[in-house]
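Visitor: Right, I'll just put the structure down here and ask away after.
The values are calculated or read from the model by the stated rules, or taken from the named source; none is laboratory data. Treat the numbers as computed from the prediction; the structure is a model and nothing was measured. All Cβ positions, glycine included, derive from the backbone under ideal geometry; neighbour counts span all protein chains shown. Ligands, DNA and RNA are stripped out before the accessible areas are found, and what is left, the full protein with its side chains, is counted by its heavy atoms. Shrake-Rupley method; radii C 1.70, N 1.55, O 1.52, S 1.80 Å.
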Amino acid sequence: MGARNTPGLVPGASHDEGVDAMPEPTRLDALIVGAGFAGLYMLHKLRGTGFAARAVEAGSGVGGTWYWNRYPGARCDVESMFYCYQFDDALSQDWEWTERYPAQAEILRYAEHVADRFELWPDISLNTRVASAAWDGDEALWRVATDTGEEFLARSCIMATGCLSAANRPDFAGLDDFAGRVFHTGRWPHETVDFSGRLVGVIGTGSSAVQAIPEIAREAARVTVFQRTASYVVPANNRPLDAAEQADIKARYPELRAAARKTFGGFAVAIAQQSALAVPEDECRETLARAWDHGGIGFLNSYRDFGFDEAANRRAQDFVRQKIRETVRDPETAEKLTPRHVIGCKRLSLGDDYYAAFNRPNVELVPLGEDGIGRIVPGGLTAGGEEYRFDDLVLATGFDAMTGALARIDIRGRGGRALAEAWRAGPRMYLGLMSNGFPNLFTITGPGSPSVLSNMMPTIEHHVEWIAACLEYLRDNRIREIEPRLEAQDAWVEHGNEVASKTLRYNCSSWYLGANVPGKPRVFMPYIGGMPSYMKKCAAVAASGYEGFELTPG
Ligand code: FAD
Ligand code: NAP
């Protein structure tokens, strides 16, 4: 493990000056906010091209998602051999994964290995949260302030703050009165949490809960699950990775990765070209059964129209409903666990033991009525006029996705305009990379980019490489500011909405639309036009000398 820096210690800032002397702000070419996979690669890339760059991270370690989400059962649902960086061949060949789907601890080790291997630690300020970032138009730089009192003056500011990093902690009445322990899956403690002999309440049944519930149930005396919306869960079919399989994939990485780049989400799983309605129902069921047994998110890629056609989608819905009935022994519980909405409109969850966990005598399902959770009381909660008692409460209530981490920073652009104001009716970005009125402020996997609809690792790499090339272009051509033109941004947002409106995800009550956070504007945030066309557009924009952007020489 490389040397970790002291929190808040920035090169150039003397610590012998006494409490009265304010250290000079650190001047940088680029300040990177966040040290998850996006921030780590951005730092490596910019340092490699001669920029003075630094990453600032709120957590006490790197890895982002995999640093924070330490709940029992936390695991990736993209296969490990493809949920990793591609930019360095030696790294790709050296790193050994142990399972088909890597667990949180293994992914975190990988992130730490990357920070060690490329000696990134000295340029990362840990335990440091960026509180504000204000554009200084006279100097053409960002003035960035942190909660530790550090200040930075940076030509560019790059938000690597994550799409799913701002925990959504609903404002449940009485939460502060709860007498036991409260955990959020996305802010899980670093120490092992012992649930043995405990009564545990879990609110939420999304992907995090789907992974956590079976694990907690193995240990706890009783688990009471509060379900607002039932979830579709397909098996992961996780297993150890054998050495020969791993070696074979590594030998074929160039061709496999090139093929993945041609798919909609950059996954190593292609979407079938046939309509589910073009085959007899039996044949459709057999195809789905094979996909089910194979395991993985490729299940919904078995036919091309599950995302677009309700009748086709119903075939996949019915298949999973039948699986629930076959798995869950108590018909009443099976019925309550059965989702009624379009499959895939909310993020599909992967889990090997989720439905079966409800066969355990110590797991109880409580579907919430329209009034939802009543209030949290010291010994549990009330819902639907009943009181439920438990010792520990697990909030598996997700994230203020895509915009939450940015909204928690006071970002002021040209003329002091707040990003919160500019995005009042929903996020507006050109290509998910930059926003009009906020020059030299980049976002990795921002709203309007494929981001959460894709395999995030290649998607992150694509954005990092685009941004690094852009900064080199600005340096080489003596350009001091870059900012998207309003008309290009408007056209991109409109295009994103139009593409999304043709899919079954558009009218669903999902976090893609901000529907999980009360008061959040309902806008479909990720770009659903697919990675190949998105990457083509980004490449064309760069090749044309940044068409759609205003470039100011200086
Ligand atoms: P993050 O990993 O979220 O890192 C952002 C970092 O920015 C965090 O460390 C945060 O502390 C820091 N930060 C934020 N705001 C500030 C601030 N103001 N000041 C300082 N630091 C700040 N994607 C997939 O492709 N496949 C999967 O299977 C998958 N599984 C997931 C499972 C879970 C439980 C979750 C939550 C997400 C999952 N994702 C998955 C998405 C995952 O977020 C991405 O794959 C990837 O890890 C994102 O990396 P990132 O660096 O962009 O963001
Ligand atoms: P989520 O999918 O948003 O699920 C949150 C759950 O909490 C939902 O069941 C939601 O119900 C419920 N909820 C929220 N607010 C509530 C309230 N006020 N009262 C009652 N219930 C409430 O969050 P998540 O499970 O953390 O997953 C978020 C995303 O992270 C996933 O979609 C995925 O992209 C990623 N992830 C991936 C994996 C993986 O397998 N690799 C694992 C975990 C997370 P509603 O559905 O009714 O809103």
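Visitor: Residue pairs, Cβ under 6 Å, 6 or more apart or interchain, first in region 365-390 and farther than 18 Å from Glu335 by Cβ, second open to solvent by 90 Å² or more (accessible area, probe 1.4 Å) and modelled with pLDDT of 95 or more. List them.
Guide: Within 6 Å, the pairs are Gly379/Arg389; Gly380/Arg389; Thr382/Arg375.
Visitor: State yes or no: is Gly380 open to solvent by less than 40 Å² (accessible area, probe 1.4 Å) and within 11 Å of ligand 2 (Cβ to nearest atom)?
Guide: no
Visitor: Let me ask something else. Looking at Ala154, Ala173, Ala167, which is the one that is closer than 29 Å to Ile411 by Cβ and either open to solvent by 20 Å² or more (accessible area, probe 1.4 Å) or touching a helix residue (DSSP H, G or I) at 6+ places or on another chain (Cβ under 6 Å) (or both)? Let's see the steps before the verdict.
Guide: Details: Ala154 fails: either open to solvent by 20 Å² or more (accessible area, probe 1.4 Å) or touching a helix residue (DSSP H, G or I) at 6+ places or on another chain (Cβ under 6 Å) (or both); Ala173 fails: closer than 29 Å to Ile411 by Cβ.
Among Ala154, Ala173, Ala167, only Ala167 is closer than 29 Å to Ile411 by Cβ and either open to solvent by 20 Å² or more (accessible area, probe 1.4 Å) or touching a helix residue (DSSP H, G or I) at 6+ places or on another chain (Cβ under 6 Å) (or both).
Visitor: Next question. What pairs come out if I take residues in region 414-425 that are within 13 Å of Gly404 (Cα to Cα) and pair them with residues that are aromatic (Phe, Trp, Tyr) whose C-beta lies under 7 Å away, six or more apart or interchain?
Guide: Close Cβ pairs satisfying both conditions: Leu419/Phe438.
Residues checked against (1) of a type outside the set (Ser, Thr, Tyr); (2) within 16 Å of ligand 2 (Cβ to nearest atom); (3) farther than 30 Å from Leu474 by Cβ:
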{"site": "Leu46", "(1), (2), (3)": "yes, no, no"}
{"site": "Ser80", "(1), (2), (3)": "no, yes, yes"}
{"site": "Phe87", "(1), (2), (3)": "yes, no, no"}
{"site": "Ala103", "(1), (2), (3)": "yes, yes, yes"}
{"site": "Tyr110", "(1), (2), (3)": "no, yes, yes"}
{"site": "His113", "(1), (2), (3)": "yes, no, yes"}
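Visitor: Select from region 432-457 the residues that are closer than 30 Å to Leu504 by Cα and of a type in the set (Gly, Ala, Ser) and write down the one among them that is farthest from ligand 1 (Cβ to nearest atom).
Guide: Ser435
Visitor: Let me ask something else about it. Can you pull out the residues in region 99-113 that are open to solvent by less than 20 Å² (accessible area, probe 1.4 Å), more than 10 Å from ligand 1 (Cβ to nearest atom) and not in a helix (DSSP H, G or I)?
Guide: Residues of region 99-113 open to solvent by less than 20 Å² (accessible area, probe 1.4 Å): 100-102, 106-108, 110-111.
So of that shortlist, the ones also more than 10 Å from ligand 1 (Cβ to nearest atom) come out as 100, 106, 108, 110.
If the condition is that a residue be open to solvent by less than 20 Å² (accessible area, probe 1.4 Å), more than 10 Å from ligand 1 (Cβ to nearest atom) and not in a helix (DSSP H, G or I), then Arg100 is the only one that fits.
Visitor: So the check is Cβ under 6 Å with 6+ separation or different chains; which pairs have a first residue in region 241-264 that's β-branched (Val, Ile, Thr) and a second one that's not in a helix (DSSP H, G or I)?
Guide: Ile249/Met81; Thr263/Ala270
Visitor: So is Tyr67 closer than 27 Å to Gln246 by Cα, in a loop (DSSP other than H, G, I, E, B) and open to solvent by 10 Å² or more (accessible area, probe 1.4 Å) or not? I'd like the intermediate steps shown before the answer.
Guide: Details: closer than 27 Å to Gln246 by Cα: yes; in a loop (DSSP other than H, G, I, E, B): no; open to solvent by 10 Å² or more (accessible area, probe 1.4 Å): yes.
When the stated conditions are applied, Tyr67 does not pass them.
Visitor: Within region 410-420, is even one residue open to solvent by less than 10 Å² (accessible area, probe 1.4 Å), of a type outside the set (D, E, K, R) and within 16 Å of ligand 1 (Cβ to nearest atom)?
Guide: Within region 410-420, one or more residues are open to solvent by less than 10 Å² (accessible area, probe 1.4 Å), of a type outside the set (D, E, K, R) and within 16 Å of ligand 1 (Cβ to nearest atom).
Visitor: Taking the condition of being closer than 22 Å to Gly448 by Cα and either open to solvent by less than 80 Å² (accessible area, probe 1.4 Å) or assigned to a loop (DSSP other than H, G, I, E, B) (or both), how many residues in region 476-493 meet it?
Guide: Selection size over region 476-493: 11.
Visitor: Given the residues Ala247, Ala217, Ala272, Ala230, which is the only one that is modelled with pLDDT of 95 or more and more than 30 Å from Leu381 (Cβ to Cβ)?
Guide: Just one listed residue meets the conditions, Ala247.
Visitor: Among the residues of region 508-521, what is the count of those that are within 23 Å of Leu300 (Cβ to Cβ) and either free of Cβ contacts under 8 Å to residues at least 60 places away in the same chain or in a strand (DSSP E or B) (or both)?
Guide: The number of residues fulfilling the criteria is 2.
Visitor: Now a separate question. Looking for something within 16 Å of ligand 1 (Cβ to nearest atom) and either of a type outside the set (D, E, K, R) or on the phi < 0 side of the Ramachandran plot (or both) - is there at least one such residue anywhere in region 386-395?
Guide: Within region 386-395, the first condition is being within 16 Å of ligand 1 (Cβ to nearest atom), and the residues that meet it are 394-395.
In the following step, the residues that additionally are either of a type outside the set (D, E, K, R) or on the phi < 0 side of the Ramachandran plot (or both) were identified as 394-395.
Yes, some residue in region 386-395 is within 16 Å of ligand 1 (Cβ to nearest atom) and either of a type outside the set (D, E, K, R) or on the phi < 0 side of the Ramachandran plot (or both).
Visitor: Please enumerate the residues belonging to region 169-198 that are of a type in the set (A, V, I, L, M) and either away from ligand 2 (no atom under 16 Å from the Cβ) or at pLDDT below 95 (or both).
Guide: Correct list: Ala179, Val193.
Visitor: Within region 434-470, how many residues turn out to be in contact with a strand residue (DSSP E or B) (Cβ under 6 Å, 6 or more places away or on another chain) and either crowded, with 24+ Cβ neighbours inside 10 Å or closer than 15 Å to Arg155 by Cα (or both)?
Guide: 7
Visitor: Please go through region 183-206 and give me each residue that is surrounded by 24 or more Cβ atoms within 10 Å (Cβ to Cβ) and not hydrophobic (A, V, I, L, M, F, W, C), ordered by number.
Guide: Thr185, Gly201, Gly204, Thr205
Visitor: Let me ask something additional. Would it be correct to say that Thr128 is open to solvent by less than 10 Å² (accessible area, probe 1.4 Å) and part of a loop (DSSP other than H, G, I, E, B)?
Guide: Values: open to solvent by less than 10 Å² (accessible area, probe 1.4 Å): yes; part of a loop (DSSP other than H, G, I, E, B): yes.
Yes: the conditions hold for Thr128.
Visitor: While we're looking at this one, here's another question. Identify, by number, the condition in (1) hydroxyl-bearing (Ser, Thr, Tyr); (2) part of a helix (DSSP H, G or I); (3) more than 23 Å from Thr65 (Cβ to Cβ) that Thr224 doesn't meet.
Guide: So the condition that Thr224 fails would be (2).
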